[in-house]
Amino acid sequence: MTTLQLDLFTTEPETADQAGPVPGEIDVYMLNLSGGKDGLRAAAMAMEAARSAGVEDRVYTVHASLGPMEWPAVTVDGVRYPGSSELAAIHSQALGVPPERHIEVRRSRELEGERVPYDLLTFIAERGDWPWLGKARWCTGDWKTSLIYGAFTPIVRARKKALRRPVVCANVLGIRADESPDRKNRPAFRTTTDNTARIVHEWSPAHQISTQDVKDWTDQQGLPHHWCYDSHPGAGDWAGSSRCSCSLCVLANTRDLLLGVKRRPRLAELYALVERVRGVSFNPKTSMAALIEQAGHPGAPDPGVVIDDDGPEFDALETAVRTALTKPPKRDRYVRPGAPADALLGGCDGCGLEGDQ
Ligand code: SF4
């Protein structure tokens, strides 16, 4: 793995023409790291701002883990390539954030007197429908935003007690304009919460940076990028998946989905099982069953690596999903609008956390 003693902040300031917070006026910086490239780029810019104001001790990093649905670690030819959660922690360390200020959250629930992980696919199986765009994108809010909000509550309470005023937070996201029209129109800086406990500014400092520039910057800094972006782990060619979050995101483009199917056949089969039992396709444009078939055709992308998904965490997911499918669905099917193009519409490198934070 690349050394983490990095000179992160020698590039030209790319935020000069953008709105952003006054660094010294922020009490708590919340840098969202998904293990993907965009969150890291944004986090480095926010860290630079905090450092220049002498308030880097106010910086926290946070990763909302999707458990076995995010890209796991793989070992190829004796070399281990970290999964998303682990890479988020590595990125946090590279930014200079001490381990005690790196927070990982994962949704859980009480089951038979025990606290156990509650994975998104289990919820989908219980509900009987898939997330989609707009208001139907409950995956982001329930599996990321609300967890992160909750994780910062004790920190905000403690700061409020000391400051005797609402705590000003910067929620730093990796959203970029060239990901989608939706994201292009989203302000790089806006206030999403303003109450007696906290004022939260959502800040996307990398909003105007192109995809290529993010990749180039990552490579120039010698920072590790997720193996899923490469044609095969260790290639370093950025020729694999274009996004890094759920391995099989409902909003992903077809190539990414075919790569996900071929890289994680057992996970794809589990998605297809949910589709079959609930009678609702994975997204309005395609079904997981069709993607699995397409992935077997000549011309489908080479996965570069095939993951066994034979560990206890995946087994627990499969058991929970199969159990959920034995019961009636909890929700009526949401009628989803069709997707106009073969492109990821709402993003998902960290999903672009929505809602108040
Ligand atoms: S990666 Fe896609 S499916 Fe997964 S939580 Fe984000 S938007 Fe939802």
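Listed values, structure above:
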{"item": "For GLY236, net neighbour charge (Lys/Arg +1, Asp/Glu -1) across residues whose Cβ lies under 11 Å away", "result": "-2"}
{"item": "Within straight-line cross-link reach of LYS262, lysines at Cα separation under 23 Å, skipping those fewer than 8 residues along the same chain", "result": "LYS37, LYS285"}
{"item": "The chain - convex hull of alpha carbons, volume per residue in Å³", "result": "145 Å³"}
{"item": "Rg and Dmax [Cα atoms of the stretch 232-326; Å; Rg one decimal, Dmax integer]", "result": "13.6, 43"}
{"item": "Average Cα contact separation per residue, the chain, under 8 Å, 6 or more apart, as relative contact order %", "result": "24 percent"}
{"item": "Listed residues ASP310, ASP129, ASP182, most fluctuating in the chain (Gaussian network, C-alpha, under 10 Å)", "result": "ASP310"}
{"item": "Rg/Rh (Cα only; Kirkwood hydrodynamic radius) as it applies to the stretch 29-166", "result": "1.01"}
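The numbers here are math on the coordinates, done by the rules we state, and not lab data. What you see is a predicted model, and the numbers here were worked out from it, not measured in a lab. Cβ sites come from the backbone with ideal geometry, for glycine too, and all protein chains shown count toward neighbours.
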